[in-house]
Protein chains: 2
Amino acid sequence: MPPKSRQKTKNIQRIEPAPPASVRERLLDTADRLFYREGVRAVGIDRVLAEAGAAKASLYSHFGCKDDLVAAHVERRITDARARIEAYVADIPPAERALRFFDLVVEWAKSPDFRGCPLHHVVVELSDPKHPARAVAAKQRQWMHARFLEWARAAGAPNPAAAAGALVVLFDGAVTASEHDGPQRARDARWMAGQLLSH
Amino acid sequence: MPPKSRQKTKNIQRIEPAPPASVRERLLDTADRLFYREGVRAVGIDRVLAEAGAAKASLYSHFGCKDDLVAAHVERRITDARARIEAYVADIPPAERALRFFDLVVEWAKSPDFRGCPLHHVVVELSDPKHPARAVAAKQRQWMHARFLEWARAAGAPNPAAAAGALVVLFDGAVTASEHDGPQRARDARWMAGQLLSH
DNA sequence: CCACTGATAGACAGTTCTGTCTATCTGCTA
DNA sequence: TAGCAGATAGACAGAACTGTCTATCAGTGG
């Protein structure tokens, strides 16, 4: 008899296996995990439903269709990434933020379930340029480029526009090469970013 | 009445619509084109058969299964790429070959049907590490790394191993970023490679 | 003339996937 | 108490995909 039974709602959930959040959250959590780990085309709706413990009608009432679920997955990755990046560089001087950002990329590449960039995966898997998830991914690339430009200016780069382009290349290279060869490539990219911005 | 009718074999092929090569070649040509353009999971066997004008039994007798057809597609891309690269850098001094290689990457990124690296696409789409196509792709990455190491040594880089790692990052970054943003990113990568090797 | 090889055409089974729909259940609120 | 909103469970249709198998045809060599 746990004393928490005083909580009038949701005390049943303590007994059920794992319904920690709303159905929408459960579905999005599961889809996000499976889509990143195995790919959006390899994972069917039924897999998501089974692992989320949800019903088909819930998925379709919340997300409309699978393509929109994929777009929501990309949207969530973007929201998380921006928050993580901004928190990671917040408390250091703007001139050092670009390099600091590559520290975060190294950490990411070292995490055991790292499998490359989920946005890039979606673009590769969904070749239709009108797919809803691609517009979301394109938006994030613009945000990224704007950050690099801002940080390159703050670092006093002689040609901030060129430096921003180079930083985009280094970021994509760090992520893609680490996906194949391991996190050392992300360190290589960080080193080049340091060289780039030390002039 | 063309005089070539003296050719005793294959004069019928001049009349038929387009059977330019053996069935195996036709199948591989078609699969290669479709897999790169739309993705290996998005393109079904029937699409390949219809566009190649071949029968299902031909495909399965020549390639065994779809996974092996995908592996053959990757193998062909590798063979073509190596020949193209070696021809492109053959007649210039070894010290300049790394930079010359990035000229080729820029040309590639500028071609209208460029859609990123087919090897990387296959790795993204086929998350199973035991897929036959992945071993083929891994082999090409080792070849690539060996070339970069060789070229970095020839260019007199103070730390050839570190330079080779950096060149891998720049190559992957050039291809991935150009896939999203256009060929300017490949030029950005070439510029960084020049900076890297000018020390 | 016959046998063999390689290719075509396509039916077929078996699976998987998306999306719809019906029936049921539960908790909340009027 | 009645009704409503949201969730579950699962049948179902329709399509697509892989892989197998049979029947047929054309060319070639003995």
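The values are calculated or read from the model by the stated rules, or taken from the named source; none is laboratory data. Keep in mind it's a predicted model, so treat the numbers as computed, not measured. Methodologically, a virtual Cβ is constructed for each residue, glycine included, from the backbone with ideal geometry; neighbour enumeration extends over all protein chains shown. Accessible surface areas use protein heavy atoms only, side chains included; no ligands, DNA or RNA. Shrake-Rupley method; radii C 1.70, N 1.55, O 1.52, S 1.80 Å.
Quick look at the numbers
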read-out: Yes/no for B:Leu149 being more than 15 Å from B:Asp32 (Cβ to Cβ) and over 15 Å from the mean Cα position of the chain (by Cα); value: yes
read-out: Only listed residue being within 19 Å of B:Arg37 (Cβ to Cβ) and either assigned to a loop (DSSP other than H, G, I, E, B) or away from chain A (no Cβ under 14 Å) (or both), chosen from B:Arg100, B:Arg76, B:Arg82; value: B:Arg76
read-out: Pairs with Cβ under 8 Å, 6+ apart, first in the stretch B:33-49 and within 10 Å of chain A (Cβ to nearest Cβ), second open to solvent by less than 10 Å² (accessible area, probe 1.4 Å) and in a loop (DSSP other than H, G, I, E, B); value: B:Arg41/A:Gly39
read-out: Count of the stretch A:176-199 residues which are within 22 Å of B:Arg141 (Cβ to Cβ) and in contact (Cβ under 8 Å) with a residue 40 or more places away in the chain; value: 10
read-out: Hits in the stretch A:35-47 - residues which are near DNA strand C (Cβ under 8 Å from one of its atoms), part of a helix (DSSP H, G or I) and touching a helix residue (DSSP H, G or I) at 6+ places or on another chain (Cβ under 7 Å); value: A:Ile45, A:Arg47
read-out: Residue satisfying all of: in the stretch A:136-150; open to solvent by 10 Å² or more (accessible area, probe 1.4 Å) and touching a residue at least 40 places away in the same chain (Cβ under 8 Å); nearest to the other protein chains (Cβ to nearest Cβ) among these; value: A:Gln140
read-out: Residues being more than 9 Å from chain B (Cβ to nearest Cβ) and either more than 14 Å from A:Asp67 (Cα to Cα) or open to solvent by 20 Å² or more (accessible area, probe 1.4 Å) (or both) - total across the stretch A:120-130; value: 2
read-out: Qualifying position, being within 16 Å of DNA strand D (Cβ to nearest atom), open to solvent by 10 Å² or more (accessible area, probe 1.4 Å) and touching a His at 6+ places or on another chain (Cβ under 7 Å), among A:Asp32, A:Asp46, A:Asp67; value: A:Asp67
read-out: Candidate set from the stretch A:142-199 (those that are hydroxyl-bearing (Ser, Thr, Tyr) and either in a helix (DSSP H, G or I) or in contact with a Gly (Cβ under 8 Å, 6 or more places away or on another chain) (or both)); member that is nearest to B:Leu170 (Cα to Cα); value: A:Thr176
read-out: Yes/no for B:Ala71 being touching a residue at least 12 places away in the same chain (Cβ under 8 Å) and more than 16 Å from DNA strand C (Cβ to nearest atom); value: yes
read-out: Members of the stretch A:79-137 that are hydroxyl-bearing (Ser, Thr, Tyr) and closer than 18 Å to A:Gly182 by Cβ; value: A:Ser111
read-out: Selected residue (only one of A:Ala162, A:Ala154, A:Ala166, A:Ala186 is more than 9 Å from chain B (Cβ to nearest Cβ) and of a type in the set (Gly, Ala, Ser)); value: A:Ala154
read-out: Selected residue [open to solvent by less than 10 Å² (accessible area, probe 1.4 Å), more than 7 Å from chain B (Cβ to nearest Cβ) and among the polar types (S, T, N, Q)] from A:Ser178, A:Ser198; value: A:Ser178
